[in-house]
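So the structure is just underneath, and the comments pick up after that.
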Amino acid sequence: MRPLPWRYVEDWNCINCGLCCRGYSVVLNFNEWLNIIKTYGVGATEASLNRFYLGKKADGSCLFLGKIGDRYYCALQSMKPRACKLWPFKITSKPKFGRDKEAWYDYGQKRIYIYVDPFCRGIRWGTPSARLRYKVLPEFIEIALRLREKQVYTTANLPYDPFYLKLKHERRLI
């Protein structure tokens, strides 16, 4: 499906459904690729002639997608690629997907165009809320512009550390 302008979105929250990690190939920039292979080895990534990608499991999902119960999580929280941090939003300097009057967003002195991938289940459609306009979108923009790394509104704020919980569960400590 073609991305839609942000003005159709009331709000967005990651609901830990894992669809984004099962339906897409994640392009890595060189530094992201280098950090991942230093930590996990070159087998954790894939390459084409001119791009690097996160590796995939046999079922096509991201190699770093984990699951506890019915909730999914990213095992790359400390070095999550920018593409993952931005999904399902696409931040562009030009109206790449059309509908420029519905996609523009003024951020300081910059005019930016924001689109959303309608595949995401965390989208609530409707008139944009104040939370979306003043908290979620600015955070996505700052991540896209490399002004910030830490996510607050643009990630699933899990109430637990998935690695600790999984370890406790595997050792039957819970």
Using a cut-off of 15 Å between alpha-carbon atoms, which aspartates and glutamates can reach K80, once sequence neighbours fewer than 8 places away in the same chain are excluded?
E32, E149
If you take every residue apart from S61 with its C-beta less than 10 Å away from the C-beta of S61, what net charge results, scoring Lys and Arg +1 and Asp and Glu -1?
+3
Above-threshold pairs, the threshold being 31 Å between Cα atoms, out of K67/K96; K56/K96; K57/K135; K57/K85; K67/K94
K67/K96; K57/K135; K67/K94
Below 12 angstrom from the Cβ of P88, what's the summed charge of the other residues (Lys, Arg +1; Asp, Glu -1)?
+2
Given unit charges at Cβ for Lys, Arg (+) and Asp, Glu (-), the dipole magnitude of the chain about its Cα centre in debye, nearest 20, is 60 debye
Per the charge dipole of the stretch 4-170 (beta-carbon charges, Lys/Arg positive, Asp/Glu negative, Cα centre), the residue among L86, T154, I141 reaching farthest to the positive end is I141
Counting other beta carbons within 10 Å of each Cβ, put F64, F30, F140, F97 in order, fewest first.
F30, F97, F64, F140
If I model a spin label as a point 7 Å beyond the Cα along the Cα-Cβ vector, how far apart are those points for N31 and Q77 in nm?
2.3 nm
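Any read-out appearing in this document is the output of simple, stated calculations on the displayed coordinates, not a laboratory observation. In this text, all values refer to a predicted model and were calculated from it rather than measured experimentally. Reconstructed Cβ throughout: ideal geometry from the backbone, glycine too, with neighbour counts over all protein chains shown.
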